[in-house]
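See below for the structure under consideration.
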Amino acid sequence: MTQDDLTIADPKMKAHGVNVFYGEKQAINDVSIDVGTDLVTAFIGPSGCGKSTFLRSLNRMNDTVASAKVTGQIELDGEDIYAPSMDVVQLRARVGMVFQKPNPFPKSIYDNVGYGPRIHGLAPGKADLDVIVERALVRAGLWDEVKDRLQESGTALSGGQQQRLCIARAIAVDPEVILMDEPCSALDPIATAKIEELIHELRGKYAIVIVTHNMQQAARVSQRTAFFHLGTLVEYGKTTDIFTNPKQERTKDYITGRYG
Amino acid sequence: MTFNAAALLLLIAGLALIGWLAGRARSNLLAGRAGTKLHSRPQYHGWYVALWLFAPAALFLAVWSSVSPALITNQVLATEAAQSLPSFGFERGAILSDARAVAQGKQADVRLPAAAPLVKPYADASHKYAWIGIAAMLALALAGGLYAFTRIKPDFRARTRVEKIVMLVLLLASLVAILTTFGIVLSLLFESIRFFRLVSPAELLFGTQWAPTSGAPQPDTFGGIPLFWGTVLIGAIIAMIVAIPIGMMTAVYLTQYAAPVVRKWVKPILEILAGVPTVVYGYFAALTVAPALREFAVMLGIPNASTESALAAGIVMGVMIIPFVSSMADDSINAVPQAMRDGSLALGATPNETIRQVLIPAALPGVMGGILLAVSRAIGETMIVVMAAGLSANMTANPFASVTTVTAQIVKLLTGDQEFDSAKTLAAFALGLVLFIVTLLLNIVALRIVKRYREAYE
């Protein structure tokens, strides 16, 4: 894929020739992709195509799976994230993640958002932390709903609110990239619409990569779309091109609902 | 001819087998006819007949075995030979049982001369009731079997019936444990009430002097506070100071850090530790830990250092409880969803921060429940404290001194010569009741906590 219109002037993350293995099984086969700084990039593809696996290799969450092995090159601002000198703790502070199912900690709303800043020592005093928590909740569009009950448990919120809380939690450590792994798949349509709106607002502040099995969602929120199939990257391009004028037969079949 | 329950049980089991074969054969026969289709498969018909044959007869056998001796004795007592029996219960009983033993052939000759004339009436009565019993049992078995046999028809729902009966049997089995517990509580309660007639409950619960020295010049005192304090000191304080941190750290290591190979070996070893008989821990406490601690205390210049110390018993008890705490904590930490751990790691938390700030707080209710269960086990534990904690009822916070516990005192009160109506002996039951109530409450609270916690993650 060397098309000119795909060239991203200032990529935030560059992946080159990435393979991911789970034990003997190869889940990702030779994937190269650039993630733009001001863009929302969507990964689409049928279940089991490896899009989530690839996403998780961007912040080394695959490290938590004992049998997983990643080869190839992934760079964040030109720095190899799998290099021995890379501190995975700092990497994950720079590349945040939101999961498929909302997973707030069983702590108060305030402590959920304050967790990251605290462990990274971003807030020297209580007042600083208050500011950070408020700013993160405002950005995540949750502040107005929870400002009067910050000490209530995060798990008591509705599913959509929980997911926005998780986004606020990720934002609070001031990351450069936010990875979202099917963030709406456990939510109802209204909550989904809110999250999509939020992604629009966050665009430009963070590089966002979103995995979704919902093609309309990819079309709505992203500027770049990558289509994965059977562990390979089939096509990557501007979202409008992918959905209106796919170059690959397989992409066309998938977006027209032939399989998936 | 005597009434041999075991042999008769075998007999009806044999009949039931025949019934099974007959029932199956009959249904097979019915099925063989053209155009008929059985509702249930033949062996269910067989089981139906067998159960009808066996169950009523066996039930009768059980009842008859328990009532027939009384019937026999009644008949013997009604005879002329029995009129000369002494009226004093004990002697009368001895003579009767002597005669019975000879009549049933368990003994060649009478030991008490007075029993001799009763042997024949006994033999007669036994004979008579044995025949009645056997005849009634066989009649019941045959009646049941015939009843069931005649009901076999192609559309008869034998399977449903059999399954219902099986369910009933299972229900009865599960009731056994519950009813037994109930009976134990009742008996404990009755003896305790007898004790509380002699000593007020307030004295037992709030008195500070424990001196149940029956026969001594000064009156006995049954103040339970020193015992309760000793129990709490050993079981809830010292043992938990040992067991909670070590158990928790074990669980954290095993769930978060240990390689699968290590986990595969360490977990079963811990479980074996939980199966070591407590008397073995008791030896260890009394022979190894206690003397070492005493020397240590003497070296430090601590007064009242005893070879029977609260510390020795508490430490060993704590070691005993470690597998219990670690396995409960292990379960709770494992029950915390992986998503929680991922969420923390994805924010750039280290594994250590994740464990301390997310996993353990999330697992805490389950862990707390486990700890309460462990406490309830520790305060009910007997062997270790009997062997290592001593029997002197001291109220002291000095862990090197000798203290005593509720369980150790129960053992002391109930061993050796005892009269079952003195306050001293009855006190053991009252103490047992207190212990039972406390552990019951602890268990209820603990199980509630654990349950609510489980629900939260499912």
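The values are calculated or read from the model by the stated rules, or taken from the named source; none is laboratory data. Because the structure is predicted, anything quoted here is derived from the model rather than measured. Methodologically, a virtual Cβ is constructed for each residue, glycine included, from the backbone with ideal geometry; neighbour enumeration extends over all protein chains shown.
So the values come out like this:
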quantity: Given (1) at pLDDT 90 or above; (2) within 12 Å of another protein chain (Cβ to nearest Cβ); (3) surrounded by 21 or more Cβ atoms within 10 Å (Cβ to Cβ), index of the condition B:PRO323 fails; calculated: (2)
quantity: Subset of segment A:168-204 [away from chain B (no Cβ under 14 Å) and part of a loop (DSSP other than H, G, I, E, B)]; calculated: A:CYS184, A:LEU187, A:ASP188, A:GLY204
quantity: Residues of segment A:205-240 that turn out to be under 22 Å from A:ILE171 (Cα atoms), assigned to a loop (DSSP other than H, G, I, E, B) and polar (S, T, N, Q), as a count; calculated: 3
quantity: Hits in segment A:148-164 - residues which are in a loop (DSSP other than H, G, I, E, B) and either acidic (Asp, Glu) or in contact with a Phe, Trp or Tyr (Cβ under 9 Å, 6 or more places away or on another chain) (or both); calculated: A:ASP148, A:LEU150, A:GLN151, A:GLU152
quantity: Test for B:ALA274: is it surrounded by fewer than 18 Cβ atoms within 10 Å (Cβ to Cβ), free of Cβ contacts under 8 Å to residues at least 24 places away in the same chain, among the small types (Gly, Ala, Ser) and out of contact with any strand residue (DSSP E or B) (no Cβ under 9 Å at 6 or more places or on another chain); calculated: no
quantity: Members of segment B:432-453 found to be over 17 Å from B:LEU227 (Cβ atoms) and within 17 Å of the chain's Cα centre (by Cα), listed by number; calculated: B:LEU440, B:ASN443
quantity: Hits in segment B:272-323 - residues which are of a type in the set (D, E, K, R) and under 30 Å from the mean Cα position of the chain (by Cα); calculated: B:GLU308
quantity: Boolean, B:ASN304 is within 14 Å of another protein chain (Cβ to nearest Cβ) and of a type outside the set (A, V, I, L, M); calculated: no
quantity: Single unsatisfied condition, B:VAL386 versus (1) within 12 Å of chain A (Cβ to nearest Cβ); (2) among the aliphatic types (A, V, I, L, M); (3) in contact with a Lys or Arg (Cβ under 9 Å, 6 or more places away or on another chain); calculated: (1)
quantity: Among the candidates B:GLY314, B:GLY318, B:GLY348, residue that is of a type in the set (Gly, Ala, Ser) and touching a His at 6+ places or on another chain (Cβ under 9 Å); calculated: B:GLY348
quantity: Test: B:ALA362 is within 8 Å of chain A (Cβ to nearest Cβ), under 35 Å from the mean Cα position of the chain (by Cα) and not in a loop (DSSP other than H, G, I, E, B); calculated: yes
quantity: Test: B:GLY348 is within 14 Å of another protein chain (Cβ to nearest Cβ), over 30 Å from B:VAL232 (Cβ atoms), in a helix (DSSP H, G or I) and of a type in the set (Gly, Ala, Ser); calculated: no
quantity: Every residue from segment B:365-398 that is within 19 Å of B:LEU287 (Cα to Cα), buried (at least 22 other Cβ atoms within 10 Å of the Cβ) and over 21 Å from the mean Cα position of the chain (by Cα); calculated: B:MET387, B:ALA388, B:ALA389, B:GLY390
quantity: Subset tally (residues that are assigned to a loop (DSSP other than H, G, I, E, B) and out of contact with any helix residue (DSSP H, G or I) (no Cβ under 7 Å at 6 or more places or on another chain)) for segment B:154-174; calculated: 3
quantity: Residue check for B:THR231: more than 14 Å from every other protein chain (Cβ to nearest Cβ), over 22 Å from B:LEU391 (Cβ atoms), hydroxyl-bearing (Ser, Thr, Tyr) and touching a helix residue (DSSP H, G or I) at 6+ places or on another chain (Cβ under 9 Å); calculated: no
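Condition check ((1) under 17 Å from the mean Cα position of the chain (by Cα); (2) outside any loop (DSSP other than H, G, I, E, B); (3) away from chain B (no Cβ under 12 Å); (4) more than 19 Å from B:PRO337 (Cα to Cα)) across all residues:
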position	(1), (2), (3), (4)
A:GLU75	yes, yes, yes, yes
A:PRO84	no, no, yes, yes
A:ARG92	yes, yes, no, yes
A:MET97	yes, yes, no, no
A:PRO117	no, yes, no, yes
A:ALA127	no, yes, yes, yes
A:ASP130	no, yes, yes, yes
A:ARG135	no, yes, yes, yes
A:CYS166	yes, yes, no, no
